[in-house]
Amino acid sequence: VNGEGAAGVPGDVFRSLAAVLRDRCGLEFGDGNRYLLESRVLARIRELRLEGPRAYVQHLRYGPGAPAELDTLIDRVTNPETYFFREPEQLRAFTEEILPSWEERARAGAPLRIWSAGCASGEEPFTFAMLLEEMGYFGRRSVEILGSDISTASLARARQATFRENSLRETSPERRERFFDADGPGRFRLRDAVRGRVAFSRTNLADRAELSALPPFDVVFCRNVLIYLCPEAKRSVVAGIHSRLAPGGFLVLGRVESLVALSTEFRLRHLRNDMVYQK
Ligand SMILES: C[S@@+](CC[C@H](N)C(=O)[O-])C[C@H]1O[C@@H](n2cnc3c(N)ncnc32)[C@H](O)[C@@H]1O
């Protein structure tokens, strides 16, 4: 009933797996999502033909491929849900308000740097590339778009840039036509012109040393990532993002997320299309 016993994951093993994930990348597993971690771990144990949960913890901690196994576990327990043109009001805030505000302040010739922090399989940063392409922005300005994530499996999909219908559920026929090629039944390949606009990096947002290697950004979207993290990691990630934002830079969180109780370092800006944070 409580997941313990022969077929489940004993409580102490669950706690030790949850501690590894929390310490490594801030992910929070507790009563509310215990089942998710357990079911993914049990599936992995079957895949590896290990004896059971305790043998898996040994394998994860001391096995020959321990670091790679932790990456695999992270791939299996993170939620990669995303799609192109997610939350149109936020995207309108980006194109109609954030970009013009940046342009007013930017030095002539300064590059525009945009970061999708926690980009999963890339639909979010590729959306920025498509929007900027539609605006004719690339001819006028030097633009750098970075997508980062902790999941190597998601990043591999992003680099492949082939997507299924689910990722295009908010993509209009005109945009499908303009930016994608059919790539077999129900598969769509993003054209190279847009694909080449986005760079990807594996970055653990909970690791300040990794963040310090990034350049300063003018706009950061970190949507639907904080919800998966424990309170300390949320605060650390937000402080880390703040440190990577240029003065006056914008932070856009997911629609249900806010910085309440996480940071007082940002100004809350009520734009016409959305509420965003500014450094
Ligand atoms: C639900 S997706 C959000 C994708 C996209 N931002 C969107 O809103 O459509 C959450 C992503 O956060 C990533 N993530 C979770 N913890 C992370 C961490 N500590 N560092 C970097 N990425 C992390 C997961 O791997 C996953 O791809």
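The values are calculated or read from the model by the stated rules, or taken from the named source; none is laboratory data. Not measured: the values here are computed from a predicted model. With ideal geometry, Cβ positions are generated from the backbone for all residues, glycine too; neighbour counts draw on all protein chains shown. Please note that ligands, DNA and RNA were not included when accessible areas were found on the heavy atoms of the full protein model with its side chains. Shrake-Rupley method; radii C 1.70, N 1.55, O 1.52, S 1.80 Å.
Filtering the stretch 24-39 to residues that are of a type outside the set (G, A, S) and surrounded by 15 or more Cβ atoms within 10 Å (Cβ to Cβ) leaves R24, C25, L27, E28, F29, N33, R34, L37, E38. Of all the criteria given as (1) outside any helix (DSSP H, G or I); (2) farther than 30 Å from E174 by Cα; (3) modelled with pLDDT of 95 or more, the one not satisfied by V57 is (1). Within the stretch 91-98, the presence of at least one residue that is within 26 Å of S154 (Cα to Cα) and either of a type in the set (A, V, I, L, M) or crowded, with 21+ Cβ neighbours inside 10 Å (or both) is confirmed.
Which members of the stretch 177-221 meet the condition of being closer than 20 Å to G136 by Cβ, open to solvent by 20 Å² or more (accessible area, probe 1.4 Å) and part of a helix (DSSP H, G or I)? Step through it out loud before you land on a result.
Restricting attention to the stretch 177-221, the residues satisfying the condition of being closer than 20 Å to G136 by Cβ are 177-180, 190-198, 218-219.
Subsequent filtering for residues that are open to solvent by 20 Å² or more (accessible area, probe 1.4 Å) retains 177-178, 191-193, 195-197, 218.
Selection gives E177, R178, D192, A193, R195.
The number of residues in the stretch 117-151 being in a loop (DSSP other than H, G, I, E, B), at negative phi and within 14 Å of the ligand (Cβ to nearest atom) comes to 4. Residues in the stretch 213-237 that are of a type in the set (S, T, N, Q) and closer than 17 Å to E265 by Cβ: 1 in all. Exactly one residue among L70, L48 is surrounded by fewer than 18 Cβ atoms within 10 Å (Cβ to Cβ), within 16 Å of the ligand (Cβ to nearest atom) and either over 25 Å from S167 (Cβ atoms) or of a type in the set (V, I, T) (or both), and that residue is L70. Taking the conditions (1) surrounded by 17 or more Cβ atoms within 10 Å (Cβ to Cβ); (2) in a strand (DSSP E or B) in turn, R269 satisfies each one other than (1). All told, R164 meets the bar of being more than 12 Å from the ligand (Cβ to nearest atom) and at pLDDT 95 or above.
When L214, L245 are screened for being under 27 Å from P100 (Cβ atoms) and away from the ligand (no atom under 15 Å from the Cβ), only L245 passes. How many of the residues in the stretch 217-231 are out of contact with any strand residue (DSSP E or B) (no Cβ under 6 Å at 6 or more places or on another chain) and either free of Cβ contacts under 8 Å to residues at least 40 places away in the same chain or more than 7 Å from the ligand (Cβ to nearest atom) (or both)? Number satisfying all stated conditions: 4.
Restricting R24, R86 to residues that are part of a loop (DSSP other than H, G, I, E, B), within 16 Å of the ligand (Cβ to nearest atom), touching a residue at least 12 places away in the same chain (Cβ under 8 Å) and within 30 Å of T127 (Cα to Cα) narrows the list to R86.
Considering only residues of the stretch 152-176 that are of a type in the set (S, T, Y) and not in a helix (DSSP H, G or I), which is surrounded by the most Cβ atoms within 10 Å (Cβ to Cβ)? Lay out the reasoning, then the answer.
Initially, the stretch 152-176 is screened for residues of a type in the set (S, T, Y), giving 152, 154, 162, 167, 171-172.
Okay, now just the ones that are also not in a helix (DSSP H, G or I), so 162, 171-172.
Working: T162: 15, T171: 21, S172: 11.
Ranking the qualifying residues of the stretch 152-176, first place goes to T171.
Selection of the stretch 256-273 for residues being within 16 Å of the ligand (Cβ to nearest atom) and at pLDDT 95 or above yields E257, S258, L262.
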